[in-house]
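**Student:** Sending over a structure as C-alpha cells; questions will come in a sec.
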C-alpha cells in the first residue's frame with residue numbers, strides 16, 4: 001500500500017480547518033491511511049509574550065501585514081517534516097486553481113504545504129520561500145483558510161482509493177473540459193416532475209449519448225468560455241445537431 005498523501009496547513013486559526021479536514025470523505029481517507037493532514041499554528045513560531053504575527057506596513061496604508069519571521073520559520077519547519085513538498089500561499093494574486101492544477105498536485109507525491117494568508121497580505125520577503133501562489137478566483141476572502149480547504153478537498157479526492165467509486169473522479173465537471181450532466185435518483189416522479197425516460201430505459205448506449213449531449217449543452221449555455229475551448233469530435237457535432245427527444 002502506498003504511503004498517505006501528506007498535507008500540512010499553516011494558519012493562524014487552526015480551529016477553522018480542523019473540523020472540516022476531519023469530517024466526511026477527508027476524515028475517512030485519513031482513517032484508511034490514504035491521506036495525512038497536519039495543522040500548524042503559525043503563532044507557535046512567533047517570539048515574545050504575545051506571539052505577535054502581524055505589523056503595520058512600511059509606507060503606510062490600511063490594515064496589517066503578516067510578519068516574515070514567524071511565517072518563514074513555520075515554512076522551514078514544515079519543509080523539514082515534508083521534504084520535497086510544494087509550498088503554496090493562498091493569495092488573490094496567485095495562479096487560478098483548476099481541476100488540472102489538482103491533478104498536477106496529486107501527482108506530486110511528496111505532498112503539499114499550504115500557507116493561509118491573513119490581514120492585508122504577507123511580507124514580500126516570504127515569497128522566496130514559496131514554490132508559488134494559488135487563488136480560487138477573482139474575489140477576496142478574509143483569509144486563506146477557506147481556499148486551502150477547497151484545495152485539499154479537490155486534491156484528496158483524486159488520491160486513489162479516497163472515493164468509493166473510481167469512476168466518480170473522472171466523470172465530473174471539468175475533467176473533460178465540460179460541465180457534468182444532470183443526476184437523478186428515486187423516486188421516479190416527484191411533485192409531478194419525472195426522471196427522464198432515457199435514464200429509466202436500461203439502454204446504456206442511449207444513456208451515454210444523453211449524458212454527453214446534456215454535458216455539452218449545459219457547457220454551451222452556462223460556461224461559453226469553456227465551450228469555446230472544446231475540440232468537438234464529429235460525433236459530438238452530430239450529437240449537438242439532434243434534439244433531446246431524438247437521442
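Quick note: the coordinates plus some simple rules give every number you see, no bench work behind them. What you see is a predicted model, and the numbers here were worked out from it, not measured in a lab. Using ideal geometry, Cβ is built from the backbone for each residue, glycine included, and neighbour counts are taken over all protein chains shown.
**Student:** Bin width 10 Å, alpha-carbon pairs only: give the P(r) of the stretch 99-168 as whole percents, running from 0 to the bin holding the largest distance.
**Tutor:** Whole-percent P(r) values from 0 Å outward: 17, 46, 28, 8, 1.
**Student:** Using 0.36 nm per residue, how much length does the chain from residue 153 to residue 223 gain when fully extended, once their Cα-Cα distance is taken away?
**Tutor:** Values: separation 70, 0.36 × 70 = 25.20 nm, distance 2.30 nm.
Once the chain is fully extended between residue 153 and residue 223, it gains 22.9 nm.
**Student:** Label point 7 Å out from residue 64 along Cα-to-Cβ: which residues of the stretch 112-130 have amide N under 15 Å?
**Tutor:** Only 117-123 pass the distance filter.
**Student:** In whole Å and largest first, what semi-axes does the C-alpha gyration tensor of the stretch 5-156 yield when each eigenvalue is scaled by 5 and square-rooted?
**Tutor:** Numbers: eigenvalues 125, 58, 41 Å².
Largest first, the stretch 5-156 gives 25, 17, 14 Å.
**Student:** Relative contact order of the chain, please, whole-number percent, based on alpha carbon pairs below 8 angstrom and at least 6 residues apart.
**Tutor:** Over the chain, the number comes to 18 percent.
**Student:** Please report the antiparallel percentage of the DSSP beta bridges confined to the stretch 5-156, to the nearest 5.
**Tutor:** 10
**Student:** Let me ask something else about it. Sorted by packing (mean other beta-carbon atoms within 10 Å per residue), highest first, where do 121-127, 59-65 land?
**Tutor:** 121-127, 59-65
**Student:** Given R₀ = 41 Å, FRET efficiency for residue 110-residue 236 by Cβ-Cβ distance, to 0.05? Intermediate results must be reported in sequence, preceding the final value.
**Tutor:** Working: r = 38 Å, r/R0 = 0.93.
It comes out at approximately 0.60.
**Student:** Once the Cβ-Cβ distance between residue 79 and residue 99 is put in as r, and R0 is 22 Å, what FRET efficiency do you end up with, to the nearest 0.05?
**Tutor:** For R0 = 22 Å, the calculated efficiency reads 0.25.
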